[in-house]
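**Q** Okay, here's the structure, questions in a sec.
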Amino acid sequence: MEQPVKILLMGICGYGSNYIKEVSEREIPGIKIEGICEVVPNAADLYPIIHEQNIPIYKTPEEFYQEHTADLAVISTPIHLHYAQIVTCLTHGSNVLTEKPVCTSVEGARKLEQLAEKTGKFISVGYQLNYSRDVLALKKDILDGRFGKPVYMKALHAMRRGDKYYARNGWAGRIEVKGCAVNDSPFNNACAHQFQVMTFLLGDQMERAAELAEVQAEPYKGNRSVENFDIITVQAKTVSGVPLWYGTAHAIEDKKLGPTAEYRFERGTVYFGKDFGQGPVAEYIYIGDDGTRIDYGQIPKGERLQKFYDAIDAVRQGTHPVCTVQCAIPHLEAVEKIAKLPITVLPQDEVEDIREDDDTFHAVKGLHDRFITCFKTRCMLSQPDSNRG
Ligand SMILES: NC(=O)c1ccc[n+]([C@@H]2O[C@H](COP(=O)([O-])OP(=O)(O)OC[C@H]3O[C@@H](n4cnc5c(N)ncnc54)[C@H](O)[C@@H]3O)[C@@H](O)[C@H]2O)c1
């Protein structure tokens, strides 16, 4: 009988709780949770599966590897710990599924690529849209030239995040933690996906993203208690010259604004979140200039944590999941370039404090409308009147 895929889960109390819940609820065949790395003292009591299956918990991966091996390490720890933990896991013979971003610098990401190559193990990055079967079908159609050449891509995705969000750990909204660049922001974290997926869709191969030739941005701070920016518009250009526009924020009144996306090609446009008359459709839909319509929403997306299942399958089959380190690099490069830009702190009288339930949100007045205008014209927040169509 085939040996089970032995898995190490690292960080199970934040986003990583999704993985342990999936394992608890789904009885995934052919896997064994060999151990957990977590620093929260009562972690063993949080999920019944830990006692039921006698899963050992360690504080560090080094301690885990003294007693165990793992075929796959799933890393959902704070951003600034990823690099060192990935190195430890690879050098102890594990493949890695790491939450995004892969690490905190392009230089580090390239070193990780080399180490993965040397150890013969894969690093798969957790940008979940890249694993979604509708996105992969769309990417295949783009690669096959079905819509002609890409002309531009743009996306808008903002959601309010208040004091509770920033207080949940020691690194949310921080630029640096203990001398390590974290660059946490809506662009790097909660709303990272809609920018990264544009670079992924424009990659010249299924497992590659388009690298960026230019990145310009206007970062603003609405919530003064946050170290990093919490509002941004980004204009970038891929190396093959496709302009990208992106807008995101947390200091906004909207619980959710978007995601909305428009990807223009020579022969038509791919929309996400477009209102065709009955409210926004949260699916990718291509409308050709000749009237052709392709509903990518008809394609089953796969599992909610498809990235986890794909990593397990890749271990079994000796292959590599689709979201490689290279697919994470253009987004990381944009994060690093943006980190060098000055942040404009908005005047206090432009910011409204909204108290709701047991949280307080700090929303920049009128930002919703300004974002909508900027999305239309692909301009920066400081120039909402420019008209680039
Ligand atoms: N894919 C997504 O949609 C998505 C969504 C949210 C977060 N994330 C990513 O998940 C990662 C974690 O984010 P979060 O918001 O859950 O962070 P968090 O800080 O809230 O939680 C991280 C977890 O790691 C644990 N931890 C901290 N130090 C550790 C250590 N040295 N060893 C082992 N465990 C340790 C913490 O106790 C906690 O359980 C980040 O990379 C983030 O970008 C991804």
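**Q** Does Asp71 count as more than 16 Å from the chain's Cα centre (by Cα) and within 15 Å of the ligand (Cβ to nearest atom)? So that I can check it myself, show each step before the final result.
**A** Working: more than 16 Å from the chain's Cα centre (by Cα): yes; within 15 Å of the ligand (Cβ to nearest atom): no.
No; evaluated as a whole, the condition is false for this residue.
**Q** Residues of the stretch 192-218 being in a loop (DSSP other than H, G, I, E, B) and within 18 Å of Lys307 (Cβ to Cβ), which ones?
**A** Here is the first cut: in the stretch 192-218, the ones in a loop (DSSP other than H, G, I, E, B) are 192, 202-211.
Residues satisfying the conditions are Ala192, Gly203, Met206, Glu207, Arg208, Ala209.
**Q** In the stretch 186-210, what residues are open to solvent by 10 Å² or more (accessible area, probe 1.4 Å) and closer than 16 Å to Met159 by Cα?
**A** Correct list: Asn189, Ala190, His193, Gln194.
**Q** Would you confirm whether or not the stretch 90-111 contains a residue that is among the basic types (Lys, Arg) and over 22 Å from Arg174 (Cβ atoms)?
**A** So in the stretch 90-111, the residues among the basic types (Lys, Arg) come out as 100, 110-111.
From what is left, the residues that are over 22 Å from Arg174 (Cβ atoms) are 110-111.
Yes - at least one qualifying residue is present in the stretch 90-111.
**Q** Here is a follow-up. Considering each residue of the stretch 278-306, count those that are in contact with a strand residue (DSSP E or B) (Cβ under 9 Å, 6 or more places away or on another chain) and either part of a strand (DSSP E or B) or open to solvent by less than 50 Å² (accessible area, probe 1.4 Å) (or both), and give that number.
**A** 14
**Q** Which of (1) without any contact (Cβ under 8 Å) to a residue 12 or more places away in the chain; (2) on the phi < 0 side of the Ramachandran plot; (3) more than 13 Å from the ligand (Cβ to nearest atom) is the odd one out, the single condition Leu112 does not satisfy?
**A** (1)
**Q** (1) surrounded by 16 or more Cβ atoms within 10 Å (Cβ to Cβ); (2) under 25 Å from Asp313 (Cα atoms); (3) away from the ligand (no atom under 11 Å from the Cβ); (4) of a type outside the set (A, V, I, L, M): which one isn't true of Tyr131, the others all being true?
**A** Condition not satisfied by Tyr131: (3).
**Q** Go through the residues of the stretch 211-221 one by one and say whether even a single one is at pLDDT 95 or above, within 16 Å of the ligand (Cβ to nearest atom), open to solvent by less than 40 Å² (accessible area, probe 1.4 Å) and not charged (D, E, K, R).
**A** No - not one qualifying residue is present in the stretch 211-221.
The values are calculated or read from the model by the stated rules, or taken from the named source; none is laboratory data. All figures in this text were calculated on a predicted structure; none of them were measured in a lab. Cβ coordinates were reconstructed from backbone atoms using ideal geometry, including for glycine residues, and neighbour counts include every protein chain displayed. Ligands, DNA and RNA are excluded from the accessible area calculation, which covers all protein heavy atoms including side chains. Shrake-Rupley method; radii C 1.70, N 1.55, O 1.52, S 1.80 Å.
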